[in-house]
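K.L.:
Please read through the structure below; I'll follow up with questions.
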Amino acid sequence: MRVLVIGGGVIGTTTAWFLVHDGHEVTLIEREPALAAEGSHANGGMLHASHTEPWNSPAAIRQLLRWLGREDSPLLLRPTQIPRLAGWGLGFLRYSRAHHHARNTQVNARLAVYSLEVMRALRTETGLHYDDSAGGILKIFRSAAELATALRTSELMAALGVDFEQLDTAGVVAREPALSDVRDELCGGLFYPQDEIGDARLFTERLGALAAERGAEIRLGERVQRLERDGDRIGAVVTDQCRHRADAYVLATGAEAPLLARQAGLRLPIRPVKGYSATLDVGGKPGAPSLPIIDDGRKIVMSRLGDRLRIAGTAEFAGYDREIRPQRVQTVIRQGLASFPRLAAAVDPATATPWACLRPMTMDGPPILGATPVRNLFLNTGPGHLGWTFAAGAGRVVADVVQGCEPAISLEGLGLERYRG
């Protein structure tokens, strides 16, 4: 079978890998001159089944209006975007109800647990390394109420296979001694031993190279101009370089997926949400954390990738604006380093490498995977902030669906059909 995969981020590249691994003729098209040049380039680095809650939690919605227009808020809705989010925004609010949010958290957790299993198997088979560490993730709290809420969620998710350990303040500092300077601010934490970190860009580049060795054609710097529909199928994909014909097409273009899908007559309830990161060289610096950390109160994640510390956070509804706003970057750095005063004194924030990308967010939270009403067009998009976490599992699932095989997990709550009716 000839398969054309559109999108060379971690999602598209992983899908292409599984298809070529299974013996298919695969072409991957990426508009940028390198793989993982956009959303997968400098994300938070975490692969975690422990933190799969959609962003539209009841608590976040309550905060949203209070944060409106504030540049230092973790969830920023720019007023200019309110009219453009109209229909999608109503769905975002509807799915924020507690029962919807709980169900979609479980849907995400099902995929995330499977994805970590697939990633471990892939790593064993290929020997790939990408500044990865499978030593777990620590989530810290300054509010007893927030800890109690997270504990209830973790207890529910434990039934889905997400292990955790509750820690008091002494236990938190024992796990990560670099937090000793702020121990009086903390009220406890949760440790998730199955979670991992790694550099998504390195992974994507190296897996793409392996796919090419297997026979995949990787076409960089090539832009898709249109999808040509022929009845209930896609007849061809036209790029700025040539016209591609295949037996099956996989759309894995992230935030741009709705724009291309519209040409095939599909409406995808996905909107771009900008996220920021800053990467600091902390090799040899005092007070740097060794464990990856989720700071619940500050809505910041920190991952140690070799001698680098990646700090990531914030969600900004700003349409397709990719501008890296210095004030937002400085907020991420300041919030991240606030828990590590010795490190903050030893590094110069001006030397940080800033990044911003658009995360493709569905209005209910889970990604959109699998078949569409267009018989030979398949989707692997809409993972929101969990693209790296979902990449291996979603790639495996979509490759299975393309081939007509039964996926290893249920796709209930993950397909496009959930929005019908």
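K.L.:
What is the projected area of the convex hull of the Cα atoms of region 264-342, averaged over all directions, in nm²?
P.N.:
7.1
K.L.:
Setting aside same-chain residues fewer than 8 positions from Lys274, which lysines have a Cα under 28 Å from its Cα?
P.N.:
Counting by Cα, and skipping residues close in sequence, Lys274 has these lysines nearby: Lys139, Lys299.
K.L.:
Indicate, rounded to the nearest 5 percent, the antiparallel portion of the DSSP beta bridges found entirely in the chain.
P.N.:
Expressed as a percentage, antiparallel bridges in the chain total about 70.
K.L.:
Next question, about the same structure. Scan region 370-421 for trypsin sites (Lys or Arg not before Pro) in coil per DSSP, keeping those whose Cβ has at most 12 other Cβ atoms within 10 Å, and list them by number.
P.N.:
Arg375, Arg420
K.L.:
Please list the non-local residues whose amide H lies under 5 Å from the amide H of Arg78, H modeled 1.01 Å from N, same-chain partners needing a gap of 5 or more.
P.N.:
The list, which skips near neighbours in sequence, is Phe317.
K.L.:
Starting from the Kirkwood radius over alpha-carbon pairs of region 1-111, derive D by Stokes-Einstein at 20 °C in a medium of 1.002 mPa s and give it in µm² s⁻¹.
P.N.:
Value of D from the Cα-based Kirkwood radius: 125 µm²/s.
K.L.:
Amide H to amide H under 5 Å from Leu369: which residues, 5+ apart in sequence or cross-chain, H placed 1.01 Å off N in plane?
P.N.:
Hits under the 5 Å cutoff: Gly415, Leu416.
K.L.:
Next question. Sort Lys299, Lys139 so the one with the fewest other Cβ atoms within 10 Å of its own Cβ comes first.
P.N.:
Final ranking by Cβ density, sparse to dense: Lys299, Lys139.
K.L.:
If the chain were replaced by its equivalent ellipsoid, with semi-axes equal to the square roots of 5 times the Cα gyration tensor eigenvalues, what would those be, largest first, whole Å?
P.N.:
So the three semi-axes of the chain are 34, 23, 21 Å.
K.L.:
Follow-up question, since we're still on this one. With r defined as the distance between the Cβ atoms of Ile324 and Thr351 and R0 fixed at 22 Å, what FRET efficiency is calculated, to the nearest 0.05?
P.N.:
Given R0 = 22 Å and the Cβ-Cβ separation, E is 0.90.
K.L.:
Given a Förster distance of 22 Å, report the FRET efficiency between Glu165 and Arg142 from their Cβ-Cβ distance, rounded to the nearest 0.05.
P.N.:
0.70
Since every read-out is calculated from the coordinates, none of them should be taken as a lab result. Just so it is clear, the model here is predicted, and its values are computed rather than measured. Cβ atoms come from the backbone with ideal geometry, glycine included; neighbour counts cover every protein chain shown.
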